[in-house]
Structures are given as C-alpha cells and as structure tokens.
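Taking it in order: structure first as structure tokens, then the write-up.
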Amino acid sequence: MIEIALHIYAYNVLYLRDVWNLIDFIVILLSVLFVLLDMLLPESGFKNILRIRGIFRMMRIFLLIRKLNTLRVKRELVKRGLTKMGYDLRSPLEKVIDIL
C-alpha cells in the first residue's frame, strides 16, 4: 500500500492508467480488505468467503514477477545503451569493456 501511495503521489493519476498497475492496486486493496474483515468479524459464515484472500496473494506474486521482468528488460537496455530506435549510445570505451 505504501508503494502504491508513493507512486500515486509521484505520478498522480497517470500511475493508474497502466492496466497492470490498476490490477495490482485492486488486488492489494482487496487483500487488505479481506485481512481486515478476517480480523474484525467474529466466527461466522463469512469466514469461508474470506478464504479467497489466498487467491489474491497468489495474484500479487504473479504481478511482482511481471514487474521484476520489466525492470530486468529495462536494465538490459540501459546496460547496452540502446535507445528505442536501436541506436547504440555507448562510448567506444564502454563497448571495449563489454567485449572484455
């Protein structure tokens, strides 16, 4: 929740325009809601419904894997010094170091 709050503070509504960020926000919000309901509700028939929070935790793991993969790809592009059009912006020294 803190990560999402900081992203929304930094990027305003633009953060939620990305579909994956919106799905991540909804999954985390529902997970927190189910945990709060689990803590606040007495033993009742709602306990069986609240078991689906495990599904949201699994979805969060898949979303985190997707984010890590995206970061890895971006890091590789920066490491290679490539622009979106495919131009290599590294200096000759950086190219030689990569070869070595």
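Of note:
- Theoretical FRET efficiency, 1/(1+(r/R0)^6), r = Cβ-Cβ of Leu30 and Tyr9, R0 25 Å, to 0.05: 0.70
- Net charge, His7 excluded, C-beta distance under 11 Å - Lys, Arg +1, Asp, Glu -1: -3
FYI, it's all coordinate maths here, none of it is from the lab. Values in this document were obtained by computation on a predicted structure and should not be read as measured data. Counting neighbours? That spans all protein chains shown, and the Cβs are built from the backbone with ideal geometry, glycine included.
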